[in-house]
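Worksheet: the structure to be examined is printed underneath.
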Amino acid sequence: MTQRTQVGIVGAGPAGLLLGHLLHLNGIDSVIVEDRSREHVIDRVRAGVLEQGTVDLMHAMGVGAGVQEAGLRHEGLYISFLGQRHRINLTELTGGKAITVYGQNEVVRDLIEARTETRRPLYFEAEHVGVDDLDSSQPLIRFRHEGMDHELRCDFIAGCDGFHGVCRPSIPAGALTVYEREYPFGWLGILADAAPSSEELVYTLHERGFALFSMRSPKVTRLYLQVPPSESIENWSDQAIWDELLRRMTTRDGWTPNVGRITQKSVTPMRSFVAAPMRYGNLFLAGDAAHIVPPTGAKGLNLAASDVLVLARALKAFYERGSSDWLNEYSDRCLRRVWKAQRFSWWMTSTLHRSPDETAFDHQRQIADLDYLTSSPAAMTSLAEQYVGLPMDVSFESVGLNECRRN
Ligand code: PHB
């Protein structure tokens, strides 16, 4: 079966779905092709911190009802070290901005619902997905769906298929420069049926390593623990996980997470990765397909949102005015913001984790870094403006949306 569309989108994660909806709002046709099932995409437990700009974007796009109802707005966060928690007031330091805790899987669920309402095509469980003719004016997406072979001719392809997707590896060797850093540790993450004992996130550097206190709802706590990168989850009984979490997180004033039934647990490695440029011919990479940040800065989903905002702006300029200027600037514009988020995520990661190859000097320097951070208004302001999100490079008006802020 042969089909044609303006923009073929590979991947129905946050990047692909947000892009599809932004294009829809601007009258641009798209087809979204995803190799996994709807259930898999919705159920996967991922990170869950939305920057102020990401929340504002979702409201402006008319897909903010879920985040408005169930998102948890946080006006501060804690940094904990040497047994003491220190609060950083994000909202006061950023002229009223905040972050919102709302699971990525909820974001995806809301966006799939919005896509379905537009009646525009979204294929799940597409097999043998491949992209071709990338440097021609009519690139191609091939896939097999419910036993039928499909060829989708596009003006442009958006590669929103994540780090392990097919789009980036389809670019000829030598056309991309890869910048990469692996960390000598990973995160063991759990979801627990326990009421969060803090209303805000707590990032801890303990002698035994990093730990993070987060949440998903008033009844569900999300916790992370630094472990060796190839640690097997089988090595960790629920009891061992709680013992280690409480050992690292309990502060001298007696604050500690509430314990409850563990409902999900997994280990994820950590890496920093950038592939540049984020374009080859008429294939544009967005989100994790082009870059990965370690989760310590909580930036992954937010970078996907800012990438596709730029891409939507560029495609709108092309279809409305025939101008390729924005398309030509897409990669440079995205990468400026991506690299600042990379730097921030690397800094959060290296300041809050213990490395197997660190010296005693390195550890004392980390403590001094955190002491400075939590006692200097200038340092706290710097963290706050990055944590709530640096400005997006594109105004909402320029993609036909009204700026809007809901608290
Ligand atoms: C999460 O709630 O899953 C979470 C929060 C903050 C991070 C990473 C993950 O930095």
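Read the figures in this text as sums done on the coordinates, not as results from a lab. From a predicted model like this one, the values you see are computed outputs, not experimental measurements. Every residue, glycine as well, gets a Cβ built from its backbone with ideal geometry; the counts of neighbours run over all protein chains shown.
Residue by residue, what Karplus-based ³J(HN,Hα) values in Hz, rounded to whole numbers, does region 203-216 have, using 6.51, -1.76 and 1.60 with θ = phi - 60° and x for Gly and Pro?
After applying 6.51 cos²θ - 1.76 cosθ + 1.60, I find 9, 10, 9, 10, 3, 8, x, 6, 8, 9, 9, 9, 7, 10 Hz.
Within region 270-295, which residues have the backbone N less than 16 Å from the label spot 7 Å out from S355 along Cα→beta-carbon, could you tell me?
Backbone N within reach: 270-273, 294.
Could you tell me the distance between the Cα centroids of region 137-167 and region 269-289, to the nearest Å?
Each part's Cα centre sits 16 Å from the other's.
What is the helix-to-structure angle for 238-249, meaning the angle in degrees between its Cα long axis and the longest Cα principal axis of the chain, kept from 0 to 90 and rounded to the nearest 10?
Helix 238-249 sits roughly 70 degrees off the main axis of the chain.
Rg and Dmax in Å for region 110-175, alpha carbons only: what are they?
13.3, 41
Quick check: residue separation of S37 and V178 times 0.36 nm, minus the Cα distance between them. What number comes out in nm? Numbers along the way, then the final one.
Numbers: separation 141, 0.36 × 141 = 50.76 nm, distance 3.00 nm.
47.8 nm is the gain from fully extending S37 to V178.
Angle, helix 360-375 long axis vs. longest principal axis of the chain, Cα atoms, 0 to 90°, nearest 10?
80
Starting at the first residue of region 118-131, write each ³J(HN,Hα) from the Karplus equation 6.51 cos²θ - 1.76 cosθ + 1.60 with θ = phi - 60°, in whole Hz, x for Gly and Pro.
Per residue, the Karplus-derived 3J(HN,Hα) values read 6, 6, 8, x, 9, 9, 9, 6, 6, 9, 6, 5, x, 10 Hz.
Going out from 0 in 5 Å bins, what whole percent of all Cα-Cα distances in region 1-126 drops into each bin?
For region 1-126, the pair-distance distribution reads 2, 10, 18, 19, 16, 13, 8, 7, 4, 2, 1, 0, 0.
Can you tally the net charge around V33? Count Lys and Arg as +1, Asp and Glu as -1, for every other residue whose Cβ sits under 12 Å from the Cβ of V33. Spell out each step's value before the answer.
Details: positive: R36, R142, R144; negative: E34, D35, E125, E127, E151, D161.
In short, -3.
N328 to L82: extension gain in nm, 0.36 nm per residue of separation minus the Cα-Cα distance?
Numbers: separation 246, 0.36 × 246 = 88.56 nm, distance 4.92 nm.
That works out to 83.6 nm of additional length.
Report, to two decimal places, the Cα Rg of the chain normalised by 2.2 N^0.38 Å (N = number of residues).
Working: Rg = 21.4 Å, N = 407, 2.2 N^0.38 = 21.6 Å.
The value comes to 0.99.
Students often forget the sequence filter, so: which lysines lie under 19 Å Cα-Cα from K219 once same-chain residues fewer than 8 apart are removed?
Once the sequence-local lysines are set aside, what remains near K219 is K265.
D253 versus A70, label points 7 Å from Cα toward the beta carbon: distance in nm?
3.2
Under the rule of -39500 (n - 2.57) per DSSP H run of 4 or more residues, summed and divided by the residues of the chain, what mean residue ellipticity at 222 nm is obtained, to the nearest 500 deg cm²/dmol? Spell out each step's value before the answer.
Details: 11 runs with 141 residues, N = 407.
Theoretical 222 nm ellipticity from helices: -11000 deg cm²/dmol.
Against the longest principal axis of the chain, how steep is helix 325-352, in degrees 0 to 90 to the nearest 10, with axes from Cα atoms?
Compared with the principal axis, the helix lies near 20 degrees.
Residues of region 239-282 with the amide nitrogen closer than 20 Å to a label point 7 Å from the Cα of S230, along Cα-to-Cβ, please.
Hits in region 239-282 for S230 at 20 Å: 266-272.
Out of residues 5 or more away from Y280 or on other chains, whose amide H comes under 5 Å of its own, with H placed 1.01 Å from N in the peptide plane?
Under 5 Å from the amide H of Y280: L285.
Straight distance only, please: which aspartates and glutamates reach the Cα of K97 with their own Cα at less than 12 Å, same-chain residues fewer than 8 apart left out?
Counting by Cα, and skipping residues close in sequence, K97 has these aspartates and glutamates nearby: E51, D56, E75, E385.
If you find the alpha carbon centre of region 180-209 and of region 333-368, how far apart are they in angstrom?
Each part reduced to its Cα centre gives a spacing of 16 Å.
Straight-line reach from K340: which lysines have a Cα under 16 Å away, not including same-chain ones fewer than 8 places off?
K299
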